[in-house]
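Structure, as structure tokens:
The values are calculated or read from the model by the stated rules, or taken from the named source; none is laboratory data. Everything quoted here is computed from the prediction, not taken from an experiment. Virtual Cβ from ideal backbone geometry, glycine too; neighbours counted across all protein chains shown. Ligands, DNA and RNA are excluded from the accessible area calculation, which covers all protein heavy atoms including side chains. Shrake-Rupley method; radii C 1.70, N 1.55, O 1.52, S 1.80 Å.
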Amino acid sequence: PTSPGIPIGNYQNCHHIASGLVAEVYQSKTVALKVITETHNVEPHNPAREVKILSSLAHPRIITLTETFKDDEGRLVLVFPFIPLTLAKVIGVGAVPEEVTKNCFRDLFSALVYLHANGIIHRDIKPSNLLLASKTGPAYLSDFGTTWHPKFSSTDEPPDHKVLEVGTTCYRAPETLFGNRAYDTSLDMWAAGTMLVECLRKPPSTLFESRETSEDGNQLGLILSIFKTIGTPTEEIWPEAKNFSTPPFKWYQEFPGKSWEELLPDASEEARDLVKKLVCFESGKRATAAEVCITLATKERLLTMTFQSRRWRMSI
């Protein structure tokens, strides 16, 4: 920016770059400052809990909280390294290169393995929360403002009575739309799967349609979009939903859904197979982050071995 910015604490020339429900983000040279503008907690947003969670994390693909302080107005400020790009911005300029997709999701699933192993649910996996140091990565998972932690969240949100209003628009998992407050880490895997579909499509487009969370009818619109896209679930397809406070059966018109070949015509069979394991109604059948990482690592080893074998045959 050519114009001078504002001071925030000891940081000068801070320029506004983003706004959210409870915070505004500024850039000052090599750091990003998240200024909490909402003085009262808007559940599941809890800045104090966010600081506790971030301070407890240590993973190379998760954004690092470097400092916190109160500004002149008494507002809490969280300081992070400034990372210039997001996956959302990459998606916004056209088809996502295969290398970028591989790098981003390898890093995302690596971060989720770490979080899920510690019982932590991010609850807002979406392209704008995956930061990229360059156009090809590495990627860093950010924004832990609504994250559920088994220690820091259990008082306000017991494991079997979590907040339902989590996730953003078309990335929300279906179990939260039908009253399942006992959801687990598989919530993040559904969102990651819908993100993957968006990157595999040429040009990129979201798998489901949804209005903004603040708009009336946003949940019903998302439900209908999910059902029209991948089919209306039955009790056989989604048995756990029989115990939800609002079961999805016999409430809506039945839609047959589309095949993954139709939904992802440009994707490889391996990519479609991974998406099928992530975007499925029954949360217990979704692939875990650890399983996905093992699959990706195995594929990389096979590709490396094939390449080395071909190079060896050419040399002789």
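Side notes on the structure shown:
- Number of positions in segment 92-101 that are surrounded by 18 or more Cβ atoms within 10 Å (Cβ to Cβ) and in a helix (DSSP H, G or I): 2
- A Cβ distance below 8 Å, combined with a sequence gap of six or more or placement on separate chains, defines the contacts here; from segment 115-140, residues that are in contact (Cβ under 8 Å) with a residue 12 or more places away in the chain reach residues that are part of a strand (DSSP E or B) and among the small types (Gly, Ala, Ser) in the pairs LEU130/ALA139; LEU131/ALA139; LEU132/ALA139; ALA133/ALA139.
- Any hit, segment 114-122, residues being part of a helix (DSSP H, G or I), buried (at least 21 other Cβ atoms within 10 Å of the Cβ) and in contact with a His (Cβ under 7 Å, 6 or more places away or on another chain): yes
- Any hit, segment 146-165, residues being under 13 Å from the mean Cα position of the chain (by Cα), in contact (Cβ under 8 Å) with a residue 24 or more places away in the chain and open to solvent by 20 Å² or more (accessible area, probe 1.4 Å): no
- Those residues of segment 67-91 which are within 22 Å of the chain's Cα centre (by Cα), loosely packed, with under 15 Cβ neighbours inside 10 Å and in a loop (DSSP other than H, G, I, E, B), in sequence order: PRO84
- Of the helices (runs of 4 or more DSSP H) lying entirely inside segment 182-271, those containing at least 3 residues that are touching a residue at least 24 places away in the same chain (Cβ under 8 Å) and of a type in the set (S, T, N, Q) span 218-230.
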